[in-house]
Each structure stands twice: as C-alpha cells, then as structure tokens.
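Participant: Just dropping this structure here.
All of the numbers you see were taken from the coordinates with simple rules; none came from a lab. Since the model is a prediction, treat every value here as computed from it, not as a measurement. Ideal geometry is used to build each Cβ from the backbone, glycine not excepted, and the neighbour counts take in all protein chains shown.
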Amino acid sequence: MPNGKPVLVYFPKELIDHMNEIVKKGDKYVSKSDLIRTATRMVVDQEKSLVLKELREDRRKTTEEYLKKAKGNREKAIEMFHDDLIEMQKKDPFYSK
C-alpha cells in the first residue's frame, strides 16, 4: 500500500491466533494487514451509514416541520425554510456577503 502509513496496534494473542487462522484459509485475505484494513473499512462504512441515516431523519423532520408551519403548502414551506436559512447565515460570524 504505497500511500498508506504504518500504525502500531497491539492485539490479544487469542485474537491474533484467530486472525492467523482466517488468513491461513487463504480464500479472502492475503495477510493480517489485509484482514485488519478490511475490518477497519467495514467499521468506517458502518459509521458513515449511521451518520447518513441520522441526516436523512433530520431532513425528514425538518421537512415535516416546515410543511406543518406552511399548512401543507410546499412552495410556502420552501420559502420559509429559505428565509430562516438566510437569517441564520446573517447571525453566523463567519458568514460574509
């Protein structure tokens, strides 16, 4: 892995033994490093998926909130959301026109 950086990680002996058994089978992983990279990617992908799920839920709730305020009028809800967003930006100390 030319673009990678080494990371020193300590594992309990029994976990290393299990990793060695998996690698020895030879059908999925060529080394313990390959196994660890794959496992790490899986955890990172799972975390990203959870964040996306939370964002989608927040978006759904926000949409419902604005539609309720606008009494079901989608265009009005979008306009209200846009106006609120502009007001929030004006209060942001890092926002500049």
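Participant: When averaged across all projection directions, what area in nm² does the alpha-carbon convex hull of the chain cover?
Facilitator: It is 12.3 nm².
Participant: Using a Cα-Cα cut-off of under 17 Å, which lysines could be cross-linked to Lys24, ignoring same-chain neighbours fewer than 8 residues away?
Facilitator: Lys13, Lys32
Participant: List, in order, the whole-Hz ³J(HN,Hα) value for each residue of segment 82-91 obtained from phi through the Karplus relation with A = 6.51, B = -1.76, C = 1.60 and θ = phi - 60°; use x for Gly and Pro.
Facilitator: Karplus-based 3J(HN,Hα) across segment 82-91 equals 4, 4, 5, 5, 4, 5, 5, 5, 4, 7 Hz.
Participant: Further, regarding this structure: Using a Förster radius of 22 Å, what is the FRET efficiency between Lys61 and Asp84 based on their Cβ-Cβ separation? Nearest 0.05, please.
Facilitator: The calculated FRET efficiency here is 0.95.
Participant: What are the trypsin sites (Lys or Arg not before Pro) within segment 1-54 that DSSP puts in a loop, where the Cβ has at most 12 other Cβ atoms within 10 Å?
Facilitator: Loop-located and lightly packed - Lys28.
Participant: Also, quick follow-up: Return the aspartates and glutamates within reach of Lys76: Cα separation strictly under 20 angstrom, same-chain partners fewer than 8 residues apart disregarded; answer none if there are no such residues.
Facilitator: Here the aspartates and glutamates satisfying the reach criterion relative to Lys76 are Asp58, Glu64, Glu65, Asp84, Glu87.
Participant: Work from the charge dipole of segment 13-91 (Cβ charges, +1 for Lys and Arg, -1 for Asp and Glu, about the Cα centre) and give the residue of Val44, Tyr66, Ile86 farthest towards its positive end.
Facilitator: Tyr66
Participant: Cut-off under 26 Å on the C-alpha distance; same-chain residues fewer than 8 positions from Lys71 excluded. Which lysines are left, in chain and number order?
Facilitator: Qualifying lysines at Cα under 26 Å: Lys61.
Participant: Ok, one more. Magnitude of the Cβ-charge dipole of segment 13-91, K/R +1 and D/E -1, about the Cα centre, nearest 20 debye?
Facilitator: 100
Participant: Now a separate question. Can you list residues from other chains, or at least 5 along the same chain, whose modelled amide H is less than 5 Å from the amide H of Asn73?
Facilitator: Those qualifying (amide H under 5 Å, at least 5 residues apart or on another chain) number zero.
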